[in-house]
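Below you'll find the structure, written out as structure tokens, and then a few comments.
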Amino acid sequence: MPKKVIAAVHFMLIAAAAVYAQRGAPQAPKPDNAQSLAHIDAAKKIAGNDSFLANPYNFFCVAGNARAQNNNAPDLDPIKLFDNVYAVGNSETAVYALTSAEGIVLLDAGFENKAEALVLQLQKLGLDPAKVKFILLGHGHGDHFGGSKYFQDKYGTKVAATAADWDLINAPARGGGGGGAKPSKDVTLAEGQPFKFGDLTITPIEIPGHTPGSLAFIFPAKDKGMTRTAGLFGGTVLTTGILTTDALKQYTQSIAHYLEAAKKMNVEVELQNHPIFDGMPEKLAKLKGAKPADPNPFVIGNDRYLKMWNIVSECIQAEIARREASN
Ligand SMILES: [Zn+2]
């Protein structure tokens with residue numbers, strides 16, 4: 001190999017290693033100890049006898065329940081959740097469409113091979129896919145950005161992610177979440193820089209852990225004439241096995257950081273891009289059966305929203321304690 005090529009390959013390997021530093025060899029499950037049990041107990045106390053909070057507790061704190069999303073799960077029946085918020089995509093990898101006076105913003109774009117299905121879902125809701133002006137990515141894995149290149153090519157949609165996750169998307173060898181056609185880099189998002197589009201403002205909060213550049217999004221959800229604040233935590237660690245202990249620690253710090261913003265901004269609507277631990281099927285069933293005066297089941301209140309993510313954090317801290325047991 002010519003020297004220049006060797007140097008280039010070497011650089012690419014270093015770049016790839018930096019990107020993958022958060023992922024290690026799968027960790028074998030470790031037994032509980034006093035510290036891990038204390039965290040599980042704390043999570044249980046926060047959950048109390050709240051049937052909604054039982055969802056994250058059971059998923060993350062009860063051994064054997066946490067799992068990755070099922071990529072073969074059925075697609076969502078596309079649905080309007082709020083006056084300006086729609087759920088589309090897959091039942092285990094959801095995409096949200098936010099409408100503004102200027103057009104549509106998608107939060108994530110789902111899988112590459114589901115892009116056309118996504119277009120049909122939008123049309124079924126009366127949303128014109130040609131009006132999708134931006135796609136904001138919760139993080140740079142193929143199950144979230146996969147469909148975005150299709151929109152870029154067909155509708156001129158601009159794709160936005162953090163600098164760190166643009167690097168991840170463009171890393172020479174990618175892993176995790178499946179591959180996908182890579183979108184070209186249009187917009188770089190960063191915390192402290194609200195994304196404004198027409199009358200819509202989306203506040204990005206950086207939550208590294210699942211990926212170096214994962215984001216949570218805070219935005220308004222219009223509910224029968226009232227404006228509520230919604231939060232989508234876009235970088236949930238569903239299974240801890242593939243992450244290093246340092247990445248898990250960073251993740252719990254990210255949850256704490258996010259909760260400061262969620263408290264300050266009074267987030268009371270809970271949405272997930274992998275809605276497999278937040279009772280979304282029950283909420284959808286309730287919404288479909290709701291009478292006009294009934295409360296929207298996606299509005300859970302700020303207190304329960306903060307509790308939910310504190311439960312997730314306690315369960316992750318239990319895993320860290322298991323790994324760090326001295327005996
Ligand atoms: Zn994912």
* Options LYS249, LYS283, LYS263, LYS288: the member that is on the phi < 0 side of the Ramachandran plot, surrounded by 19 or more Cβ atoms within 10 Å (Cβ to Cβ) and among the basic types (Lys, Arg) -> LYS283
* What is the residue count in segment 179-202 for residues that are outside any loop (DSSP other than H, G, I, E, B) and open to solvent by less than 30 Å² (accessible area, probe 1.4 Å)? -> 5
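Select from segment 102-137 the residues that are among the small types (Gly, Ala, Ser) and either in contact with a strand residue (DSSP E or B) (Cβ under 8 Å, 6 or more places away or on another chain) or under 16 Å from LYS154 (Cα atoms) (or both) and list them in ascending order.
GLY103, ALA109, GLY110, ALA115, ALA117, ALA130
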* Structure fact -> Residue count, segment 229-246, condition buried (at least 20 other Cβ atoms within 10 Å of the Cβ) and not hydroxyl-bearing (Ser, Thr, Tyr), comes to 8
* Asked: Out of curiosity, is GLY110 open to solvent by less than 10 Å² (accessible area, probe 1.4 Å), closer than 30 Å to THR227 by Cα and in a loop (DSSP other than H, G, I, E, B)?
  -> yes
* Positions within segment 126-143 being more than 8 Å from the ligand (Cβ to nearest atom), open to solvent by less than 10 Å² (accessible area, probe 1.4 Å) and part of a helix (DSSP H, G or I), in sequence order -> PRO129, GLY142
* Please verify whether segment 205-212 includes one or more residues that are buried (at least 19 other Cβ atoms within 10 Å of the Cβ) and either closer than 13 Å to LEU107 by Cβ or away from the ligand (no atom under 16 Å from the Cβ) (or both). => yes
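Would you pick out the residues in segment 95-116 that are of a type in the set (A, V, I, L, M, F, W, C) and in contact with a Gly (Cβ under 8 Å, 6 or more places away or on another chain)?
If the condition is that a residue be of a type in the set (A, V, I, L, M, F, W, C) and in contact with a Gly (Cβ under 8 Å, 6 or more places away or on another chain), then VAL95, ALA101, LEU107, ALA109, PHE111, ALA115 are the ones that fit.
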* To do: Of all residues in segment 58-107, count the ones that are aromatic (Phe, Trp, Tyr) and either assigned to a loop (DSSP other than H, G, I, E, B) or over 19 Å from PHE298 (Cβ atoms) (or both).
  => 1
* Asked: Taking PHE52 and the conditions (1) modelled with pLDDT under 95; (2) in contact with a helix residue (DSSP H, G or I) (Cβ under 7 Å, 6 or more places away or on another chain), which numbered condition does it fall short on, given that it satisfies the others?
  -> (1)
* To do: Return a yes/no flag: does segment 20-43 have any residue that is farther than 25 Å from LEU287 by Cα, among the aromatic types (Phe, Trp, Tyr) and at pLDDT below 95.
  => yes
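The values are calculated or read from the model by the stated rules, or taken from the named source; none is laboratory data. Please read these numbers as outputs of a predicted model, since none were measured by experiment. Cβ atoms come from the backbone with ideal geometry, glycine included; neighbour counts cover every protein chain shown. The area values use the complete protein model at the heavy-atom level, side chains included, leaving out ligands, DNA and RNA. Shrake-Rupley method; radii C 1.70, N 1.55, O 1.52, S 1.80 Å.
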